[in-house]
């Protein structure tokens, strides 16, 4: 067993925390039955099998990631107020940009629209090799005040559509239903990030981006 003082010397307070986790030591207060952990953000990323050079390439990957993030938000019953994208070019230069949603929601369409808008606004000069999408400023769906405006009604319809797709995929598999754009490039769209990757929605350790 590694000495906790050695880990603290190498990793600082994060080393102590890792040692506590490894030894089953949890000093957090006992929660009520059914209580949910505070999730700060939900996101996903992928490194593509080839460079992304066209808008169609970018759209395919963003749709794949937004579908994954949207589905996980429904699992936790969250909506988001802000969307953040991460872009890494072929020379491994990386940066993140974020923007606010018009209305707090979790629909695939709005996540994609905001993500693609941010990408076009901050498009890199070189081809893209990796993209990420993260939903931030989360709140519980039930705590959001409903509106009678047409835009809110439209979001409710999109939410129903996303839920229907969730059910089809749960029953028949992720690739049982896909967007038409996905069929234009099976190599890029052949990714199910929601089930193929472990996603850590909470950043437990300081300065480490999960």
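The values are calculated or read from the model by the stated rules, or taken from the named source; none is laboratory data. Because the structure is a prediction, the values reported are computed rather than measured. Note that each Cβ is placed from the backbone with ideal geometry, even for glycine, and that neighbours are counted across all protein chains shown.
Out of everything in region 172-210 that is in a loop (DSSP other than H, G, I, E, B), in contact with a helix residue (DSSP H, G or I) (Cβ under 9 Å, 6 or more places away or on another chain) and surrounded by fewer than 11 Cβ atoms within 10 Å (Cβ to Cβ), what residue ends up being modelled with the lowest pLDDT?
Selected residue: 208.
Taking the condition under 17 Å from the mean Cα position of the chain (by Cα) and either within 21 Å of residue 40 (Cβ to Cβ) or at pLDDT 90 or above (or both), does residue 113 pass?
Considered against the rule, which asks whether it is under 17 Å from the mean Cα position of the chain (by Cα) and either within 21 Å of residue 40 (Cβ to Cβ) or at pLDDT 90 or above (or both), residue 113 comes out as yes.
State whether the residues of region 136-159 include one that is modelled with pLDDT of 90 or more, surrounded by 13 or more Cβ atoms within 10 Å (Cβ to Cβ) and within 21 Å of residue 58 (Cβ to Cβ).
Yes, region 136-159 has at least one match.
So how many residues does region 58-96 have that are in a helix (DSSP H, G or I), in contact with a helix residue (DSSP H, G or I) (Cβ under 7 Å, 6 or more places away or on another chain) and surrounded by fewer than 20 Cβ atoms within 10 Å (Cβ to Cβ)?
Selection size over region 58-96: 1.
If you go through region 102-113, how many residues are crowded, with 20+ Cβ neighbours inside 10 Å and assigned to a strand (DSSP E or B)?
The qualifying residues number 2.
Let me spell it out: the conditions are (1) touching a helix residue (DSSP H, G or I) at 6+ places or on another chain (Cβ under 9 Å); (2) surrounded by 20 or more Cβ atoms within 10 Å (Cβ to Cβ), and residue 118 meets all of them except one. Which number is the exception?
(1)
Inspect all residues belonging to region 14-30 and state whether any of them is at pLDDT below 70, within 23 Å of residue 73 (Cβ to Cβ) and assigned to a loop (DSSP other than H, G, I, E, B).
no
Quick check: anything in region 66-84 farther than 22 Å from residue 140 by Cβ and either out of contact with any strand residue (DSSP E or B) (no Cβ under 7 Å at 6 or more places or on another chain) or at pLDDT 90 or above (or both)?
no
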